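The values are calculated or read from the model by the stated rules, or taken from the named source; none is laboratory data. Just so it is clear, the structure is predicted and the values come from calculations on it, not from any experiment. With ideal geometry, Cβ positions are generated from the backbone for all residues, glycine too; neighbour counts draw on all protein chains shown.
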Amino acid sequence: MLEWLSALGGIILVDLVLSGDNALVIGTVAAGLPRKQRWMAIVAGGTGAIILRIGFTLLATFLLQIPFVQAIGGAILLYIAIRLLMSRNEKPSLSAYGKRAKQVKKGFLTALVTILIADATMSLDNVLAVGALAHGNIPVLVVGLLLSVTLLLIGSALVSELINRLPWLLNLASLVLAWTAANMLLSDMRFGPLLDHLPWSDFFVPAVTISIVLVAAVLFYLQERGIIAFNKN
């Protein structure tokens with residue numbers, strides 16, 4: 001019993017430590033939705049996260065053998081960071097109730113898909129850590145993940161509320177995601193060794209990803225102010 005509780009506590013602790021970036025993504029993506037849809041996206045995304053993590057844990061060895069899996073995840077995460085900045089400037093232009101409802105539904109589905117993709121992208125390190133702690137004990141693993149994801153959802157809701165009250169936090173969240181994307185690129189089993197040949201790669205790669213997000217943030221800010229305009233044609 002003591003061994004069971006020790007493994008369970010370890011899983012919860014490690015998963016919470018490694019899930020800060022996941023909570024940031026879920027909360028940031030959901031922040032742009034109306035309150036009702038926001039909670040639905042967080043709960044649905046969290047449910048999907050539980051299923052994904054259990055599945056990933058069972059397939060962890062196989063996933064590690066997929067070439068460039070974490071590098072691809074890092075690139076996806078960098079895109080999500082830029083897309084979050086872009087979405088702030090996408091103000092609704094439809095006034096009819098039916099069209100507005102359709103727009104809200106589309107926004108909810110987009111947010112949900114983004115949350116699931118981001119969580120799948122960022123969960124490999126969590127999966128490997130909790131899988132090692134579970135020692136093949138599936139009930140311990142499932143209970144630990146359920147409890148930790150429940151706390152993850154609470155954290156996501158807090159992040160969402162904070163960003164709604166303090167919109168500038170969206171910029172900070174995007175920079176954190178850029179930093180996380182760089183770490184995923186550097187830790188990829190195939191792509192990481194290639195980056196190691198670059199001078200100061202541990203500093204260079206994060207500098208590049210953060211610079212990309214900073215440039216995007218400045219461009220979207222200038223667009224919001226009407227100083228520049230992007231041609232959508």
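Just to be sure I understand, how many residues within the range 188-233 are in contact with a helix residue (DSSP H, G or I) (Cβ under 6 Å, 6 or more places away or on another chain) and surrounded by 13 or more Cβ atoms within 10 Å (Cβ to Cβ)?
Summing the residues that are in contact with a helix residue (DSSP H, G or I) (Cβ under 6 Å, 6 or more places away or on another chain) and surrounded by 13 or more Cβ atoms within 10 Å (Cβ to Cβ) in the range 188-233 gives 13.
Going by the structure shown, is residue 132 small (Gly, Ala, Ser) and at pLDDT 85 or above? Talk me through it step by step, then tell me what you get.
Numbers: small (Gly, Ala, Ser): yes; at pLDDT 85 or above: no.
No.
Among the residues that make up the range 67-84, is at least one of them surrounded by 14 or more Cβ atoms within 10 Å (Cβ to Cβ), closer than 30 Å to residue 196 by Cβ, modelled with pLDDT under 75 and under 21 Å from the mean Cα position of the chain (by Cα)?
no
Of all residues in the range 166-209, how many are closer than 22 Å to residue 66 by Cβ and either over 20 Å from the mean Cα position of the chain (by Cα) or among the charged types (D, E, K, R) (or both)?
Qualifying residue count for the region: 9.
Tell me, please, whether a residue that is more than 16 Å from the chain's Cα centre (by Cα), within 30 Å of residue 208 (Cα to Cα) and modelled with pLDDT under 80 can be found in the range 8-20. It would help to see each step written out before you state the result.
Filtering the range 8-20 for residues more than 16 Å from the chain's Cα centre (by Cα) gives 8-14.
Going one step further and asking which of them are within 30 Å of residue 208 (Cα to Cα), we end up with 14.
Cutting the leftovers down to modelled with pLDDT under 80 gives us 14.
Yes; the residues of the range 8-20 include at least one that is more than 16 Å from the chain's Cα centre (by Cα), within 30 Å of residue 208 (Cα to Cα) and modelled with pLDDT under 80.
Is it true that some residue in the range 207-229 is under 21 Å from residue 73 (Cα atoms) and of a type in the set (D, E, K, R)?
Within the range 207-229, none of the residues are under 21 Å from residue 73 (Cα atoms) and of a type in the set (D, E, K, R).
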